[in-house]
1. Grab the other residues whose beta carbon is less than 15 angstrom from that of residue 188, score K and R as +1, D and E as -1, and report the net.
2. Just tell me which aspartates and glutamates come within less than 12 Å, Cα to Cα, of residue 20; anything on the same chain fewer than 8 places away is out.
3. For helix 250-261, report the angle its Cα long axis makes with the longest principal axis of the Cα atoms of the chain; keep it between 0 and 90° and round to the nearest 10°.
4. How many angstrom lie between the C-alpha centres of segment 195-209 and segment 28-76?
5. If packing is taken as the average count of other Cβ atoms within 10 Å, what order do 269-279, 105-115 fall into, highest mean first?
6. Expressed in nm to one decimal, what extension gain is obtained for the pair residue 194 and residue 225 from 0.36 nm per residue of sequence separation less their Cα-Cα distance?
7. Can you tell me how much longer the chain between residue 4 and residue 273 gets when fully stretched, taken as 0.36 nm per residue apart minus their C-alpha distance, in nm with one decimal?
8. Say R0 is 45 Å: what FRET efficiency, to the nearest 0.05, do residue 161 and residue 232 get from their beta-carbon distance?
Amino acid sequence: MIQQGNFLLMERNEFREWLKEQVVTRPIQFLQVHHTASPNYSTRKMVNGIAQQDTFKCLEGMRNYHLSEGWAATGQNITTLENGQIAISLDRPLNKIPAGIRGFNNKCICIEHVGNFDSGGDKITDEQKKTIIHLYACLGERFNLPINTDHIVYHSWFTRTGIRLTDFTPGKSSKTCPGTNFWGDGNTVAAAKKNFLPQIQEELNRLKGQNKNISKGDQSMTIQEQADFQALQEQVKQLTGKLQMDSIPDWATEACVAAKNVGAVDTTSGGSYDFYRLITVLYRKGFFK
Ligand SMILES: [Zn+2]
């Protein structure tokens, strides 16, 4: 994680933990989907899939443009990049309403995906795709949002004044954003439902499955791990058996009876030598009277 200027840049696998630590007091109901159009893969100067432009320069450039438009800060809360990294706008924290869809920003988190995903534009990288899917799944998990077109919304489904249309409607929609070729399927409601949302749902299920496995312990073990664990349990049982005494030693009988009578222990049989020794010491010190 690198903080520089007005942005915090992190790897995909750092986002979920970071998100868990954020305090967000405003209600969140919608996750916006945008492409930046510009900057894009050309302005990022991609050579063999690697951007030659400094990432912070790209981010600050966007911010400067937004400020020049008279906005108070970077428009979006979060930005994804072609290399799979995620940038958090420090001047537009999650708790601050974004400037993403004019007239429809309340209760929204605005996420901009760097690239031009209109037809004939950039072909999205696998790394950015993975990040985008993971990001929406994490946000859905954190804010308890169903993964559907009521909560994950394309900019193209809104008019210039922020009225929600039933679908991308050329002439009525304010923009083509996140691109007429977004996710290879386009910017319509049907396109979102085809591959984009199911992939987010699948990722969310995977994340929830991880939680389950952590809480249920051995269910997440592989067959080999289960076998190892059983062998270990058997060894512990044998060792415990070796330590157990066949009967209560004579010198400990009185102490054991006293300890049981006052309810200090439920049972005094099958203990180890150390157990009987401790009970006897405690008894002699007057603990079980
Ligand atoms: Zn947009």
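The values are calculated or read from the model by the stated rules, or taken from the named source; none is laboratory data. Model, not experiment: these values are computed from the prediction. As a convention, Cβ positions derive from the backbone with ideal geometry for all residues, glycine included, and neighbour counts pool all protein chains shown. Protein only, heavy atoms only, side chains kept; ligands, DNA and RNA dropped before computing areas. Shrake-Rupley method; radii C 1.70, N 1.55, O 1.52, S 1.80 Å.
1. Details: positive: 164, 172, 175, 193, 194; negative: 118, 167, 185.
Once positives and negatives cancel, what remains is +2.
2. The qualifying aspartates and glutamates are 141.
3. Once rounded, one gets 60 degrees.
4. Each part reduced to its Cα centre gives a spacing of 26 Å.
5. Values: 269-279: 15.4, 105-115: 21.9.
Per-residue Cβ counts within 10 Å, averaged per peptide and sorted highest first, yield 105-115, 269-279.
6. On the way: separation 31, 0.36 × 31 = 11.16 nm, distance 3.83 nm.
The residue 194-residue 225 span can extend by a further 7.3 nm.
7. On the way: separation 269, 0.36 × 269 = 96.84 nm, distance 6.27 nm.
Gain in length upon complete extension: 90.6 nm.
8. Details: r = 66 Å, r/R0 = 1.46.
Efficiency, from the Cβ-Cβ distance: 0.10.
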